[in-house]
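Here the structure comes first, spelled out in structure tokens, and everything after it is commentary.
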Amino acid sequence: MDPMSITIVSSIIHISRKSGSLPTLDPLPTARALRLVCTEWELSAKGFVTPDLKESPAWAGYEMKILELGRALDFVMRKTGVWKGKGEVLDAAADIVADVRYGRGRKSWIATLGEHGEGAYGKELAAALPDDEIGGYAIKALHQGGNGEYIAEVRAAAERGRTWVKNAAKLYEEAFEREAAPRE
């Protein structure tokens, strides 16, 4: 991996925890760095697995790293106001969400798309609904992003989901069925 990608990702993680400045606000190298580091982590940390915690399944080491980077990106975007809406950085986040190799690490990236995508990533989030590991998070992100056109898909995901997924689907349906209802 190239040094600039390492610098960009390291600074995103550092700024999310403390303070500082980003080495670049240019979305192209930032998006490239995010894609590269997730691929590198998936390849290099595949064998490392965390032990079971409180009866939850073990996580692969790369899933945890990818999850943490997604959370850090979300925090940096909130803190600095950069890269919001449709653009290269969130396109990279959508690519990471779509890549099933990254497993549960995609959860935080879905939240980032819902929070900062300004409704531009509904199609990408809806594509994650059939995935039982992240479908519930996609429902929440669709709701947060204002993407109300996926009621049928959300219902289908809720049928397979746990209680919290069903509750998220119910909130989604209530919010968007009211908007779709004819006004008197």
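Using all Cα-Cα distances in the stretch 87-138, what percent lands in each 5 angstrom bin from 0 up to the longest? For the stretch 87-138, the binned pair fractions read 4, 24, 40, 23, 7, 1 percent. Under 14 Å from the Cβ of Asp95, count the other residues' Cβ atoms, weight Lys and Arg +1, Asp and Glu -1, and hand me the total. Combined, the nearby Lys, Arg, Asp and Glu give +1. Its DSSP H runs of at least 4 residues, each contributing -39,500 (n - 2.57), put the calculated 222 nm mean residue ellipticity of the chain at -20500 deg cm²/dmol, to the nearest 500. If you look at the Cα atoms of the chain, you get an Rg and a Dmax of 17.1, 61 Å. To put it simply, the accessible area of the chain at a 1.4 Å probe is 54 percent carbon and sulfur.
The values are calculated or read from the model by the stated rules, or taken from the named source; none is laboratory data. Quantities reported herein were computed from a predicted structural model and do not represent experimental measurements. Using ideal geometry, Cβ is built from the backbone for each residue, glycine included, and neighbour counts are taken over all protein chains shown. With ligands, DNA and RNA removed, areas are computed over all heavy atoms of the protein, side chains included. Shrake-Rupley method; radii C 1.70, N 1.55, O 1.52, S 1.80 Å.
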